[in-house]
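Beneath this line is the structure, given in structure tokens, with notes to follow.
The values are calculated or read from the model by the stated rules, or taken from the named source; none is laboratory data. What you are looking at is a predicted structure, and each value in this text was computed from that prediction instead of being measured. In this analysis, Cβ positions are derived from the backbone assuming ideal geometry, glycine residues included, and neighbour counts consider all displayed protein chains. Surface accessibility is based on the protein's heavy atoms, side chains included, excluding ligands, DNA and RNA. Shrake-Rupley method; radii C 1.70, N 1.55, O 1.52, S 1.80 Å.
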Amino acid sequence: MQTVRHPLLSATPGTTRELISLHYGQPGVGQKVTIQASLHADEVPGMLVAHHLRSLLGALESAGRLRGEVVLVPMANPLGVGQWLLRGFQGRFELASGENFNRNYADLTEAVLTAVAERCGADAATNVALVRQALRDAAAALPVSSELESLRKTLLGLAIDADVLLDLHCDGEAVLHLYTTPATWPQAEVLARCIGAEVALLAERSGGDPFDEACSMVWPALAARLGPDKPLPPSCMAATIELRGEADVRHDLAAADAQGIIDFLIARGVVAAEGEGAGAPLPPLRCEPTPLSGSIPLVAPQGGMVVFLALPGTVVTTGQPLIDLIDPLTGAVHTLTSPVDGLFFARDLRRFAVAGMSLGKVAGRTALRQGKLLSA
């Protein structure tokens, strides 16, 4: 394993931050997998999964079982982990700009198209190699004028040429679920089986340019522009994995999640199987994919105390009571009901709401929403 330190642009004289990545296997041999944890720095479960992954990957490397390169970023947001305000952790948004750390990643489509359009031909494998090099070059050429831009550029440089990108997050309180694209679902289904995902949400574009889509959606965008005479398969399976809730920081859960990711790498051939695990069938799929546009938020129409009437993972029907919103001054109770049939898969960790706050989500099977589909 090699540790690489990536200095970030200094925001002010006398201050420095760095991103640290751990590299396993041999670069350029086999598939490349990038796994990063806690881009939203207050979402700690991903860091603990990375802690368990580093020992598993180290043992696999020592045993000669790695057939590809794995880049592990155990703490993807050195900016956010330092943002403590009035005893509260502010890891989702950069305080200086107000920007979400997992939004506004660069779309490299035009830069790569300019570099490869005249060089691509009828051989898909050659085209993939040309695009990967052009992606590396385009990410390296991104301008940087702030510490946040420096972080985004560094993270993108570590993952933009990967065959697989796993972005480890969590929700407030939730069952384990993931986000990916319809084009890569055949590959992501294997991931969903291995980690035991209970919800899989698919979208072509979720809005806001999150990190995973910056790595994966450039491929179909380029393929559409190059046309059928210059074939380019979708060559980055990117997924955001939501590791349950913020308080689910437990060794047993993290160890199981880390092993599930290793099982996925075995299934892809990045890690050589060994012993009884060779040729073992995949675990059963615990969910069928549903559209992200069918994930309906439960929004508070007013402020008040929040009393949840169902646990994450509850199968619900339209009109089923899910949340009581209580005005502590008048005693008035407003009950929020399920907007669709589906699975109540996530809810907020807080128990007092302000008007307009999203308190929970129900995954339905019908696409009902348009525009930006992710929470702020």
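May I ask you to list the residues in the stretch 304-350 that are of a type in the set (A, V, I, L, M, F, W, C) and in contact with a Lys or Arg (Cβ under 7 Å, 6 or more places away or on another chain)?
Hits for the stretch 304-350 are 305, 306, 308, 345, 346.
Which pairs turn up if I take residues in the stretch 322-336 that are among the aliphatic types (A, V, I, L, M) and look for partners that are exposed (fewer than 13 other Cβ atoms within 10 Å of the Cβ) and part of a strand (DSSP E or B) with beta carbon separation below 6 Å, at least 6 apart in sequence or on another chain?
These pairs meet every condition: 326/333.
Return only the number of the condition from (1) assigned to a strand (DSSP E or B); (2) of a type in the set (A, V, I, L, M); (3) touching a Pro at 6+ places or on another chain (Cβ under 9 Å); (4) free of Cβ contacts under 8 Å to residues at least 40 places away in the same chain that residue 310 does not satisfy.
Every condition holds for residue 310 apart from (1).
Filter the stretch 1-47 down to residues that are of a type in the set (Gly, Ala, Ser) and outside any loop (DSSP other than H, G, I, E, B) and give me whichever is farthest from residue 150 (Cα to Cα).
Selected residue: 46.
How about the stretch 85-197: which helices (runs of 4 or more DSSP H) wholly inside it have at least 1 residues that are at pLDDT 95 or above, over 25 Å from residue 266 (Cα atoms) and open to solvent by 60 Å² or more (accessible area, probe 1.4 Å)?
Output list reads 109-116, 124-140, 147-159.
Could you tell me which numbered condition residue 165 fails, if it satisfies all but one of (1) in contact with a Ser or Thr (Cβ under 6 Å, 6 or more places away or on another chain); (2) free of Cβ contacts under 8 Å to residues at least 12 places away in the same chain?
Every listed condition holds for residue 165 apart from (2).
For the stretch 213-239, what are the residues that are part of a helix (DSSP H, G or I) and in contact with a Phe, Trp or Tyr (Cβ under 6 Å, 6 or more places away or on another chain)?
Hit for the stretch 213-239 is 214, nothing else.
From the residues in the stretch 4-38 that are open to solvent by 70 Å² or more (accessible area, probe 1.4 Å) and basic (Lys, Arg), which one is farthest from residue 254 (Cα to Cα)?
17
Evaluate the stretch 53-74: report whether one residue or more is open to solvent by less than 50 Å² (accessible area, probe 1.4 Å), over 20 Å from residue 263 (Cβ atoms), in contact with a Ser or Thr (Cβ under 7 Å, 6 or more places away or on another chain) and touching a residue at least 12 places away in the same chain (Cβ under 8 Å).
Scanning the stretch 53-74, I find at least one residue that is open to solvent by less than 50 Å² (accessible area, probe 1.4 Å), over 20 Å from residue 263 (Cβ atoms), in contact with a Ser or Thr (Cβ under 7 Å, 6 or more places away or on another chain) and touching a residue at least 12 places away in the same chain (Cβ under 8 Å), so the answer is yes.
Kindly check whether there is at least one residue in the stretch 286-293 that is outside any loop (DSSP other than H, G, I, E, B), modelled with pLDDT under 95 and out of contact with any strand residue (DSSP E or B) (no Cβ under 6 Å at 6 or more places or on another chain).
Taking every residue of the stretch 286-293 in turn, none turns out to be outside any loop (DSSP other than H, G, I, E, B), modelled with pLDDT under 95 and out of contact with any strand residue (DSSP E or B) (no Cβ under 6 Å at 6 or more places or on another chain).
If you take the residues of the stretch 240-284 that are at pLDDT below 95 and outside any loop (DSSP other than H, G, I, E, B), which of them is surrounded by the most Cβ atoms within 10 Å (Cβ to Cβ)?
Only one residue tops the list, namely 277.
Looking at the stretch 332-348, can you tell me whether even one residue there is outside any strand (DSSP E or B), closer than 25 Å to residue 47 by Cβ and charged (D, E, K, R)?
There is at least one residue in the stretch 332-348 that is outside any strand (DSSP E or B), closer than 25 Å to residue 47 by Cβ and charged (D, E, K, R).
Residues of the stretch 301-333 being more than 22 Å from residue 203 (Cα to Cα), of a type in the set (Gly, Ala, Ser) and surrounded by fewer than 20 Cβ atoms within 10 Å (Cβ to Cβ), which ones?
303, 310, 319, 331, 332
Report, ordered by the first and then the second residue, all pairs with beta carbons closer than 6 Å, sequence separation of six or more or different chains, a first member in the stretch 5-27 that is on the phi > 0 side of the Ramachandran plot and touching a residue at least 12 places away in the same chain (Cβ under 8 Å), and a second member that is open to solvent by less than 50 Å² (accessible area, probe 1.4 Å) and in a loop (DSSP other than H, G, I, E, B).
As it stands, the answer is 25/68, since those pairs meet every condition given.
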